[in-house]
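The values are calculated or read from the model by the stated rules, or taken from the named source; none is laboratory data. From a predicted model like this one, the values you see are computed outputs, not experimental measurements. Neighbour counts are summed over all protein chains in view; Cβ atoms, including those assigned to glycine, are modelled from backbone coordinates with ideal geometry.
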Amino acid sequence: MDRLDVPDDYEERLAAGRRAIDRLPAGAARDSARRAVELAPARETVEAARQRADRAEALLGELTRSTFDGTDPERVVWLRLDYTGRLTSLAFSPTIDRLSNPVVAGAVVEAWAAAEAARAGEAARLERVGAALYRGGADDPGFAVLRAQLDARAGERVEHTDADELCSAEVDLEGRLTECKFLVPNATLDYDCETLAAETAAVIRTVQERAAAVIADLVARCFGEGKA
């Protein structure tokens, strides 16, 4: 079999491709290959696409490494969200045994709001960068349909209570915590801070997973139905 050397230079590769095509037998295959080569983009277009891909890869890496911390004004609760807004860690101060159930539950929501505010600011910045890299991508009609459906269901909530009925949590469809409750009387006194934090985090993660399943179904219908 003849050895085919592929040049490093883009224009030289195209020229080599044309020479190879000229050696093909006349017919539909050669005509098709010639049309494909003639439609090849200019070097500048290819280089610009490569640079956008490199920037997009760097942006994705930056995004996936991002975490957002929040605490309440009294520093009773600390929590961390990942770039998608999912809870990754939650901790309570040992002083929760001096506080009531509603106070600590409210502190969870306050800490969440602080972390979410930081995440929203970073998301807006990355969205602006991403829009420059993917001009026209957001014009897919599916995005508009999805956003319209999310706006229409903005008041919808997903709730989960653990099997022991210790804690319940509520999130909106995009996974943002809207309410946290401790259902066992004196939970902040009778449970140590590590156990109560772990139970609360498990409830929140579960309810976020349920909300994510609703979003996944919406995405599938907005981008899947009616498309080949």
Subset of segment 132-158 (residues that are at pLDDT 55 or above and among the small types (G, A, S)): G142, A144, A148, A152, A154, G155
Restricting segment 60-79 to residues that are within 22 Å of the chain's Cα centre (by Cα) and of a type in the set (A, V, I, L, M), the residue that is modelled with the lowest pLDDT: L60
Count of residues meeting criterion [in contact with a helix residue (DSSP H, G or I) (Cβ under 9 Å, 6 or more places away or on another chain) and not in a helix (DSSP H, G or I)] in segment 172-225: 18
Residue identified as surrounded by 19 or more Cβ atoms within 10 Å (Cβ to Cβ) and in the same structural domain as A113 (by TED's automatic domain parsing) among A169, A198: A169
Residues of segment 71-124 satisfying the condition of being among the aromatic types (F, W, Y), in a strand (DSSP E or B) and surrounded by 21 or more Cβ atoms within 10 Å (Cβ to Cβ): F92
